[in-house]
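**Student:** Pasting in a structure now, in structure tokens, and then I'll have a few things to ask.
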Amino acid sequence: MPILSAKGVTHLYNKGTPSQSKAIYDINVDIEEGELVGVIGHTGSGKSTLVQHFNGILKPDEGQIIVDGKDIWADKKSTREARFKVGLCFQYPEYQLFEETVYKDISFGPKNMGLSEDEIEKRVLLAAEYVGLKKELLEKSPFDLSGGEKRRAAIAGVIAMQPKVLILDEPTAGLDPKGRDKILDMIKSYREKTGSTVLLVSHSMEDVAKIATKVLVMNDSRVEMYGTVDEVYSHSEELRKIGLNIPQVSKIFELLKQNGCDLGSAYTVERAVELILARGGVGV
């Protein structure tokens, strides 16, 4: 049974007005437990609108959102449960930090769940460990942290609720390459250690290729493609037509193939190095 399902989901902006439009339309998708799904698409394709349905921030005008086998809008209890089962971290989550200390910020969600102080402390320490925040930082003001540390602290606040599904909307936006890599490594490690389902909304097809097990492509408010990285990225021409560029390294490997040197398909630099070395290095 899928952990997340959208069944015929449509959401309208400015409903009932002359400017009414479809933000997402007739979305049908099943996401299996334990997957790390990269959600990609051009600006305005419906990525963020879709993921905000999975934990009940937005309610569909048509269709159903199923979380762990339950329609989240069946009753108030189901809606509340879904918001704890599905944790959503918005773009630039550090702007939502507000407490006196990092510890208090991370503990905010677990406190709202009505947990004991001992359980809250366990969850805060574990979440900080997952995101790579040192224990001594927990008593600091979140505003004294670096940009990357703030981002990780904000993500830890969602992880501390121990959701079955973690959704991250552009978690590397605005970070330098080193900070971006740390966040991506953290997401991959978290999923491997916990077995949780993770959805990563991103504009970077290379970032998605590095860590995703599946890729969901949104285009014009609909699901354009859904499959493994190889299945989706192999449709390079279709992706280009909808405004998405495959990673630069993939373009190089396509050119090599066109010129009689077929090394296979590579969507990350790391994979490209593996393929080149497998063929004897530079003398391919």
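The values are calculated or read from the model by the stated rules, or taken from the named source; none is laboratory data. Computed from a predicted structure; not experimentally measured. When we count neighbours, we look across all protein chains shown, and the Cβ atoms used for this are built from the backbone with ideal geometry, even at glycine.
Table: residues versus (1) within 19 Å of Phe90 (Cα to Cα); (2) free of Cβ contacts under 8 Å to residues at least 40 places away in the same chain.
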position	(1), (2)
Asn14	no, yes
Lys22	no, no
Tyr25	no, no
Glu33	no, no
Val37	yes, no
Gly41	yes, no
Leu50	yes, no
Phe54	yes, no
Ile57	yes, yes
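**Student:** Filter segment 200-225 down to the residues that are hydrophobic (A, V, I, L, M, F, W, C) and part of a helix (DSSP H, G or I), then identify the one that is surrounded by the fewest Cβ atoms within 10 Å (Cβ to Cβ).
**Tutor:** Here the residue is Ile211.
**Student:** Looking at segment 110-118, can you tell me whether even one residue there is crowded, with 16+ Cβ neighbours inside 10 Å and not assigned by TED's automatic domain parsing to the domain that holds Gly195?
**Tutor:** yes
**Student:** Can you find a residue in segment 47-57 that is modelled with pLDDT of 95 or more, part of a strand (DSSP E or B) and either under 20 Å from Leu166 (Cα atoms) or among the acidic types (Asp, Glu) (or both)?
**Tutor:** Looking through segment 47-57, none of the residues is modelled with pLDDT of 95 or more, part of a strand (DSSP E or B) and either under 20 Å from Leu166 (Cα atoms) or among the acidic types (Asp, Glu) (or both).
**Student:** For segment 46-101, which residues satisfy the criterion of being among the hydroxyl-bearing types (Ser, Thr, Tyr) and within 22 Å of Ser202 (Cβ to Cβ)?
**Tutor:** Within segment 46-101, the subset among the hydroxyl-bearing types (Ser, Thr, Tyr) is 48-49, 78-79, 92, 95, 101.
Result: Ser48, Thr49, Tyr92, Tyr95.
**Student:** What number of residues within segment 61-87 are part of a loop (DSSP other than H, G, I, E, B) and surrounded by fewer than 20 Cβ atoms within 10 Å (Cβ to Cβ)?
**Tutor:** Restricting attention to segment 61-87, the residues satisfying the condition of being part of a loop (DSSP other than H, G, I, E, B) are 61, 68-69, 72-75.
Cutting the leftovers down to surrounded by fewer than 20 Cβ atoms within 10 Å (Cβ to Cβ) gives us 61, 68-69, 73-75.
Within segment 61-87, residues that are part of a loop (DSSP other than H, G, I, E, B) and surrounded by fewer than 20 Cβ atoms within 10 Å (Cβ to Cβ) number 6.
**Student:** Among the residues of segment 188-199, are any among the acidic types (Asp, Glu), in contact with a Lys or Arg (Cβ under 8 Å, 6 or more places away or on another chain) and either part of a helix (DSSP H, G or I) or not assigned by TED's automatic domain parsing to the domain that holds Leu4 (or both)?
**Tutor:** No, that holds for no residue.
**Student:** Looking at (1) of a type outside the set (Asp, Glu); (2) crowded, with 20+ Cβ neighbours inside 10 Å; (3) in contact with a Gly (Cβ under 8 Å, 6 or more places away or on another chain); (4) more than 23 Å from Glu33 (Cα to Cα), which is the one condition that is false for Ser196?
**Tutor:** Here Ser196 clears every test but (4).
**Student:** Scan segment 145-154 and give yes if some residue there is of a type in the set (A, V, I, L, M, F, W, C), crowded, with 17+ Cβ neighbours inside 10 Å and more than 20 Å from the chain's Cα centre (by Cα), otherwise no.
**Tutor:** Yes: segment 145-154 contains one or more residues that are of a type in the set (A, V, I, L, M, F, W, C), crowded, with 17+ Cβ neighbours inside 10 Å and more than 20 Å from the chain's Cα centre (by Cα).
**Student:** If I ask for residues that are surrounded by 13 or more Cβ atoms within 10 Å (Cβ to Cβ) and part of a helix (DSSP H, G or I), which ones from segment 233-250 would you list?
**Tutor:** Result: Tyr233, Ser236, Glu238, Leu239, Val249, Ser250.
**Student:** Please verify whether Leu239 is within 27 Å of the chain's Cα centre (by Cα), farther than 23 Å from Ile183 by Cα and without any contact (Cβ under 8 Å) to a residue 60 or more places away in the chain, treating the condition exactly as stated.
**Tutor:** For Leu239, the condition - within 27 Å of the chain's Cα centre (by Cα), farther than 23 Å from Ile183 by Cα and without any contact (Cβ under 8 Å) to a residue 60 or more places away in the chain - is met.
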